[in-house]
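Enquirer: After the structure tokens below, expect a handful of questions from me.
The values are calculated or read from the model by the stated rules, or taken from the named source; none is laboratory data. Remember, predicted model here, so these are calculated numbers, not experimental data. Ideal geometry is used to build each Cβ from the backbone, glycine not excepted, and the neighbour counts take in all protein chains shown. To get the accessible areas, we keep the full protein, side chains included, count just its heavy atoms, and leave off ligands, DNA and RNA. Shrake-Rupley method; radii C 1.70, N 1.55, O 1.52, S 1.80 Å.
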Amino acid sequence: FTDGMQMLPNALASRLTNLSLNSPVQEIRRAGNGWAVKSVSGTATVDQLVLATGTDAAARLVATSNPELARSLSAVNYPYMTAVHSVYKRADVSHPLNGFGGLNPKKEGRFCAGHIWSSSLFDGRCPADEVLFTTFVGGSQAPDNARQPDEVIYGNVHRELAESFGISASVPVFRDIFRWERAIPQYDAKLAVLKPLVAAAESDQLRVCANWYGGLSLSDCIGKARAMAEAMGAKTLINNF
């Protein structure tokens, strides 16, 4: 998206007719065959409810109605990850960058988890005479690397970029850093425990559409949302008014 990922939720929000913003949900509880959703602006009762939050918020919301599900949600692992954006002059980079990028296997002993060649993938990410790398540090293989001070991370990122892609510049022309305390939910044994619990919750009209269940990527989440909307629409008259 030209103006960033926020364009997608903004476009969706612009088409919604019943949207409540800046109204944090405090509690959800069973109400007959549906759910009561208590927020700072009041309580709404719905026939079907979808959890579309991270596991931390979801665990808090279901703690009263489903303690077992809440405990399993709290156990899901989100390793710490730091993203570094580095821009270099195209003339200072000998590698053609004719691809996507790549991840570094743990056996290579690299500081960085991998690099994406962002300017090769997306137009308009930087001026035509420059290239942009997005580097990931940390993750499940080396979470402590992501917690290093900015200058330590910057130094290691530049060194490995220079070694891997033939960069002659001593420093990038621009760089920025962003730290994700809870980056990517890990699809491991802890998350596998959630599958039967989520399936059981669906029988109570409590559904999940989030990146920690049934697919991680943006395209996965869009596909799940479409399928869920169709399934929910088939069980309600709301779309037939």
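Enquirer: Yes or no: THR17 open to solvent by 50 Å² or more (accessible area, probe 1.4 Å), of a type in the set (S, T, N, Q), in contact (Cβ under 8 Å) with a residue 60 or more places away in the chain and farther than 23 Å from TRP212 by Cα?
Expert: On the way: open to solvent by 50 Å² or more (accessible area, probe 1.4 Å): yes; of a type in the set (S, T, N, Q): yes; in contact (Cβ under 8 Å) with a residue 60 or more places away in the chain: no; farther than 23 Å from TRP212 by Cα: yes.
So THR17 does not fit the description; no.
Enquirer: Only one residue in ALA210, ALA169, ALA183 is at pLDDT below 95, assigned to a loop (DSSP other than H, G, I, E, B) and either in contact with a helix residue (DSSP H, G or I) (Cβ under 8 Å, 6 or more places away or on another chain) or of a type outside the set (D, E, K, R) (or both). Which one? First the steps, then the outcome.
Expert: Working: ALA210 fails: at pLDDT below 95; ALA169 fails: at pLDDT below 95.
Checking each option against the conditions leaves just ALA183.
Enquirer: Same structure again: How about segment 47-58: which of its residues are in contact with a strand residue (DSSP E or B) (Cβ under 9 Å, 6 or more places away or on another chain) and open to solvent by 50 Å² or more (accessible area, probe 1.4 Å)?
Expert: Correct list: ASP47, VAL50, ALA52.
Enquirer: Now a separate question. So PHE174 ticks every box in (1) modelled with pLDDT of 95 or more; (2) surrounded by 14 or more Cβ atoms within 10 Å (Cβ to Cβ); (3) over 22 Å from the mean Cα position of the chain (by Cα) but one. Which box is left unticked?
Expert: (2)
Enquirer: Looking only at segment 134-166, how many residues end up being outside any helix (DSSP H, G or I), open to solvent by less than 20 Å² (accessible area, probe 1.4 Å), out of contact with any Pro (no Cβ under 7 Å at 6 or more places or on another chain) and within 17 Å of GLY109 (Cα to Cα)? Let's see the steps before the verdict.
Expert: Restricting attention to segment 134-166, the residues satisfying the condition of being outside any helix (DSSP H, G or I) are 134-142, 147-149, 166.
Those left that are additionally open to solvent by less than 20 Å² (accessible area, probe 1.4 Å): 134-135, 137-139.
Okay, now just the ones that are also out of contact with any Pro (no Cβ under 7 Å at 6 or more places or on another chain), so 134-135, 137.
With within 17 Å of GLY109 (Cα to Cα) added as a condition, the list becomes 135, 137.
So the count comes out to 2.
Enquirer: Kindly establish whether THR17 is in a strand (DSSP E or B) and hydroxyl-bearing (Ser, Thr, Tyr). I'd like the intermediate steps shown before the answer.
Expert: Working: in a strand (DSSP E or B): no; hydroxyl-bearing (Ser, Thr, Tyr): yes.
It is false that THR17 is in a strand (DSSP E or B) and hydroxyl-bearing (Ser, Thr, Tyr).
Enquirer: Give segment 26-36 a look and list any residue that's more than 20 Å from ALA57 (Cβ to Cβ) and either β-branched (Val, Ile, Thr) or open to solvent by 80 Å² or more (accessible area, probe 1.4 Å) (or both), or say none.
Expert: Within segment 26-36, ASN33 is the sole residue that qualifies.
Enquirer: If you don't mind, another one. Only one of (1) closer than 22 Å to ALA169 by Cα; (2) of a type in the set (A, V, I, L, M, F, W, C); (3) surrounded by fewer than 16 Cβ atoms within 10 Å (Cβ to Cβ) fails for VAL131. Which number is that?
Expert: Single failed check for VAL131: (3).
Enquirer: Scan segment 226-238 and give yes if some residue there is at pLDDT 95 or above and open to solvent by less than 30 Å² (accessible area, probe 1.4 Å), otherwise no.
Expert: No; the residues of segment 226-238 include none that is at pLDDT 95 or above and open to solvent by less than 30 Å² (accessible area, probe 1.4 Å).
Enquirer: Kindly indicate which of SER72, SER23, SER39 is under 20 Å from ALA199 (Cβ atoms) and open to solvent by less than 30 Å² (accessible area, probe 1.4 Å).
Expert: On the way: SER23 fails: under 20 Å from ALA199 (Cβ atoms); SER39 fails: under 20 Å from ALA199 (Cβ atoms).
Answer to the selection: SER72.
Enquirer: Scan segment 1-47 for residues that are of a type in the set (Phe, Trp, Tyr) and within 19 Å of LEU206 (Cβ to Cβ) and jot them down. Quick ask: steps written out before the conclusion?
Expert: In the first step, residues of segment 1-47 are kept if they are of a type in the set (Phe, Trp, Tyr); the result is 1, 35.
Once the filter is applied, which keeps residues that are of a type in the set (Phe, Trp, Tyr) and within 19 Å of LEU206 (Cβ to Cβ), segment 1-47 yields only TRP35.
Enquirer: Taking segment 1-45, which residues are among the acidic types (Asp, Glu) and farther than 30 Å from SER118 by Cα? Break it down stepwise before answering.
Expert: Taking segment 1-45 first, the residues among the acidic types (Asp, Glu) are 3, 27.
Residue satisfying the conditions is GLU27 alone.
Enquirer: Can LEU61 be described as surrounded by 16 or more Cβ atoms within 10 Å (Cβ to Cβ) and in a helix (DSSP H, G or I)? It would help to see each step written out before you state the result.
Expert: Details: surrounded by 16 or more Cβ atoms within 10 Å (Cβ to Cβ): yes; in a helix (DSSP H, G or I): yes.
The answer is yes for LEU61.
Enquirer: Can I ask one more? Restricting attention to strands (runs of 3 or more DSSP E) lying wholly within segment 66-127, give those where 2 or more residues are free of Cβ contacts under 8 Å to residues at least 40 places away in the same chain.
Expert: Working: elements: 81-89, 101-103, 114-116.
Per the criteria, 101-103, 114-116.
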